[in-house]
1. Being assigned by TED's automatic domain parsing to the domain that holds H250, within 27 Å of S183 (Cβ to Cβ) and at pLDDT 90 or above narrows it down to one of T326, T355, T384, so name that one.
2. So A196 passes all but one of these: (1) exposed (fewer than 14 other Cβ atoms within 10 Å of the Cβ); (2) more than 23 Å from E310 (Cα to Cα); (3) of a type outside the set (S, T, N, Q). Which condition number does it fail?
3. Just to be sure, is I214 surrounded by 14 or more Cβ atoms within 10 Å (Cβ to Cβ), in contact (Cβ under 8 Å) with a residue 12 or more places away in the chain and within 24 Å of L329 (Cα to Cα)?
4. Taking into account only those residues within segment 269-297 that are in a loop (DSSP other than H, G, I, E, B) and among the acidic types (D, E), which is farthest from the chain's Cα centre (by Cα)?
5. Condition first: more than 30 Å from S217 (Cα to Cα) and assigned to a helix (DSSP H, G or I). Can you find one or more residues in segment 352-368 that meet it?
6. Residue check, S183 against (1) loosely packed, with under 14 Cβ neighbours inside 10 Å; (2) in contact (Cβ under 8 Å) with a residue 60 or more places away in the chain, all met but one. Which one?
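The values are calculated or read from the model by the stated rules, or taken from the named source; none is laboratory data. This structure is a prediction, so every number in the text was calculated from the model and none was measured. Cβ sites come from the backbone with ideal geometry, for glycine too, and all protein chains shown count toward neighbours.
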Amino acid sequence: MKVLHVVPHYQDGLGYEENHLGFAQATLGVEVTIVTSTGLPHQWAAYSNNGVESTSNAETVIDRGVTIRRLPPAIEVQSRSQLILKGLGTVFEDEFPDVLHLHAPVGGLTVQSLRFARTQRIPVVIDSHINYFNLRPFNMKKRVYYQAFARLILPLCRSVIKRFLPHTPDAETVLDRVLKIDSDIVTQTSLGADAAEFRFDSEARTRVTADLEIDPSAKLVLFAGRITPPKDIDVLIAACNTLWDKLDFHLLLVGPIDEEYKNHLAQQCDPTHSNRIHFLGMIPNDKMPGFFSAADVGVWPGDPAVSILEAMACSLPLILSASDTTRHLIIGDNGIPFSRRNSSELASALSLVLTDVERRNSMSENSRLLAENVFDWKVVAKRTNQVYEEILQGTDEHIQPIWDSRFSSVA
């Protein structure tokens with residue numbers, strides 16, 4: 001089976017499916033080509049490991065059995081997030097895949113790719129991780145934009161669009177209510193993490209506490225992701241302020257943050273305990289298993305991040321704000337939900353996990369089980385390949401939602 005993934009940007013090491021799914025599929029015997037831009041969006045370029053930048057030259061490389069074809073953009077808008085690729089039609093003629101896999105239900109590249117798919121009658125699968133928080137603010141301009149796709153573009157290509165793959169329950173709701181997608185062509189899937197790369201390191205705690213000059217007996221609470229207002233780190237700090245005098249713990253905040261917002265958050269911390277909050281900045285992806293392994297609990301108080309899955313694979317217990325973007329991540333008693341923006345509920349959950357060793361150990365084991373059996377990229381790839389086979393064979397097994405699976409029924 002030959003699959004063509006078309007994505008606006010690809011950067012090795014970042015956690016989204018366009019950077020991992022194809023490689024996991026290749027290990028299962030699928031012939032995979034990734035077509036992408038020669039550059040990166042500005043926010044990625046600032047943290048790129050290899051300095052990929054836009055050029056005027058197309059290039060093709062083979063990486064771990066996957067063909068990566070980079071094409072220069074013909075048009076770029078909105079900080080490179082919307083683009084059209086030069087020479088994409090030629091790639092379709094060269095590759096002529098069995099399945100086209102797109103990674104966004106809207107956008108210029110989606111329209112461009114669907115045009116070629118219609119011409120060659122290639123069946124199309126479309127991932128969607130558009131949650132309601134991605135749509136904020138859902139103003140009139142956005143409403144008109146999405147209505148254009150819902151009423152004109154997607155129906156026009158209905159003959160080749162065979163399946164939509166939402167990554168969260170909330171993304172499924174957006175497909176239904178905003179893009180008016182028929183539920184009969186929706187199969188739920190998820191982002192993932194490499195459970196072989198992300199796993200518990202028993203020596204990490206000693207290294208991390210030594211580097212940060214923290215007493216190794218103190219507990220560690222961790223957040224990892226872009227540190228911006230929608231992540232609700234202020235709520236996490238407020239919860240910590242009520243617990244500093246009762247519990248010996250430190251708060252590790254891993255991820256990029258601008259200096260003004262960093263100062264704002266630092267001012268929210270009880271000044272008598274300001275030495276217990278650590279802004280660690282951007283950490284290379286290959287170093288993150290050490291920080292996840294060193295921590296006692298991971299907290300994502302606001303909008304979620306793909307780092308939750310990587311933390312889970314490192315056996316980290318979770319505390320997440322309750323929503324349809326997170327409920328599938330704690331289906332195995334590996335985490336505790338709390339009402340978003342409720343610092344008292346968050347403080348209670350933190351206190352429980354930090355003081356109850358038996359509960360914490362059980363949550364840790366369950367996080368790893370869930371990561372291995374449901375969210376490992378190989379499991380996600382196998383499931384996605386099954387969707388392709390259904391489409392090509394004209395069958396429909398009605399695969400149950402990945403977040404409703406249980407450990408014994410997956411993998």
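1. None of the other options fit; the residue is T326.
2. (2)
3. no
4. If we take residues in segment 269-297 being in a loop (DSSP other than H, G, I, E, B) and among the acidic types (D, E), then D270 is farthest from the chain's Cα centre (by Cα).
5. no
6. (2) is the only condition that S183 fails.
Residue-by-condition table, conditions (1) under 25 Å from G225 (Cβ atoms); (2) modelled with pLDDT of 85 or more; (3) surrounded by fewer than 16 Cβ atoms within 10 Å (Cβ to Cβ); (4) among the aliphatic types (A, V, I, L, M):
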| position | (1), (2), (3), (4) |
| --- | --- |
| T55 | no, no, yes, no |
| T60 | no, yes, yes, no |
| V77 | no, no, yes, yes |
| V91 | no, yes, no, yes |
